[in-house]
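Undergrad: Let me begin by handing over the structure; questions about it come next.
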Amino acid sequence: DTEVTQTPKHLVMGMTNKKSLKCEQHMGHRAMYWYKQKAKKPPELMFVYSYEKLSINESVPSRFSPECPNSSLLNLHLHALQPEDSALYLCASSQVRGWDGYTFGSGTRLTVV
Amino acid sequence: QKEVEQNSGPLSVPEGAIASLNCTYSDRGSQSFFWYRQYSGKSPELIMSIYSNGDKEDGRFTAQLNKASQYVSLLIRDSQPSDSATYLCAPKDFGNEKLTFGTGTRLTIIP
């Protein structure tokens, strides 16, 4: 299995809603990542989990809350988002400090209204 | 701030010609170098990786690395319309969890 699966593919939420994005991989990778990508911009790193522990938080606002329940799953909990948070949210996985590149999921297109 | 620079394009290349994409990086600790292809509205897809100075070929793709010049490039031979996409350069420091993307080059292959 060489896939990273993200759900949902599309999400529309109000500014007072609470929602979660989910990511799952079965490649035996022990590093997982959340990236945010705005239109015509490169992906920007948000969070890194290494061996199920948060190792990097790129000064992301607290309305984004990551969670790594086990080595295969990664969640991103969303609360009180702003319209400017609308973007493509990408999950990726890799070996920890490995030589190989990251494998990305297909992403969740988030719209905040 | 570690920077990765690419020509933003758009780069237009006739079908069947060679497309040349360039990338410079500032972090001398970078040891792995990746090229991702991203179609509009889709997620990045890894197409090439290179770790040593010189050339690495995979089908129609050739990656070139010059660590002394902090320069990495991607050549696409016999360009096809399906190669039209944004290409992202991503150097990585082996001791660092972070993969930082360049600004991306939008490539259009003209039939």
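Computed from the coordinates by the stated procedures, all read-outs in this text should not be read as laboratory data. As the structure is a prediction and not an experimental result, all values here were calculated from the model. A quick note on method: Cβ atoms are made from the backbone with ideal geometry, for glycine too, and the neighbour counts reach across all protein chains shown.
Undergrad: Where the only charges are on Cβ atoms (+1 Lys, Arg; -1 Asp, Glu), what is the dipole of chain A about its Cα centre, to the nearest 20 debye?
TA: Details: 13 positive and 10 negative charges, 62 e Å.
I would put it at about 300 debye.
Undergrad: How far is the Cα center of segment A:36-113 from the Cα center of segment B:1-58, in Å?
TA: Taking the Cα centre of segment B:1-58 as reference, the centre of segment A:36-113 is 22 Å away.
Undergrad: Per the Kirkwood treatment, what hydrodynamic radius in Å, one decimal, follows for segment B:32-75 from the mean inverse distance over all distinct Cα pairs? All intermediate terms of the calculation are to be shown ahead of the outcome.
TA: Details: mean 1/r = 0.0906 Å⁻¹.
The Cα-based Kirkwood calculation yields 11.0 Å.
Undergrad: For segment A:31-44, just list the computed ³J(HN,Hα) in residue order, Karplus coefficients 6.51, -1.76 and 1.60, θ = phi - 60°, integers in Hz, with x standing in for Gly and Pro.
TA: Those phi angles translate into 10, 9, 9, 10, 10, 10, 10, 8, 4, 6, 10, x, x, 10 Hz.
Undergrad: Mind checking B:27-33 for the average number of partner chain beta-carbons within 10 Å of each residue's beta-carbon?
TA: Working: counts 0, 0, 0, 0, 1, 4, 1.
That works out to 1 on average.
Undergrad: I would also like to ask the following. Dipole of chain A (Lys/Arg Cβ +1, Asp/Glu Cβ -1, origin at the Cα centre): which of A:6, A:73, A:29 lies farthest to the positive side?
TA: Selected residue: A:6.
Undergrad: Another question, if that's okay. Whole-Å semi-axes of the protein assembly as shown's equivalent ellipsoid, largest first, each the root of 5 times a Cα gyration tensor eigenvalue? Mind dumping the intermediate values first?
TA: Values: eigenvalues 181, 83, 47 Å².
The three semi-axes for the protein assembly as shown are 30, 20, 15 Å.
Undergrad: Give me log10 I(q)/I(0) at q = 0.13, 0.22 Å⁻¹ for chain B, Debye formula, one equal scatterer per alpha-carbon, no solvent.
TA: Cα-only, vacuum Debye calculation for chain B: -0.44, -1.22.
Undergrad: Please compare each pair in A:22/B:42; B:67/B:92; A:36/B:98; A:41/B:98; A:18/A:53 to a cut-off of 20 Å on the Cα-Cα distance and tell me which ones are over it. Present the calculation step by step, with values, prior to reporting the outcome.
TA: Values: A:22/B:42 17 Å; B:67/B:92 13 Å; A:36/B:98 14 Å; A:41/B:98 17 Å; A:18/A:53 23 Å.
Cα-Cα > 20 Å for A:18/A:53; rest within.
Undergrad: Next question. For chain A, what D do you get in µm² per second when you plug the Kirkwood radius from alpha-carbon pairs into Stokes-Einstein at 37 °C and 0.692 mPa s?
TA: On the way: Rh = 14.0 Å.
Result for D is 234 µm²/s.
Undergrad: Moving to a separate point now. With label points built 7 Å along Cα→Cβ from the Cα atoms of residue A:51 and residue A:38, find their separation and express it in nm.
TA: Computed distance between label sites residue A:51 and residue A:38 equals 3.6 nm.
Undergrad: Sticking with this structure for a sec: Using all C-alpha to C-alpha distances in segment A:35-98, build P(r) with 10 Å bins and read off the rounded percent in each one.
TA: 19, 55, 24, 3
Undergrad: Can you give me the pair-distance distribution of segment B:49-111, C-alpha pairs, 5 Å bins, whole percents?
TA: Binned Cα distances yield the sequence 4, 15, 22, 24, 20, 10, 4, 1, 0.
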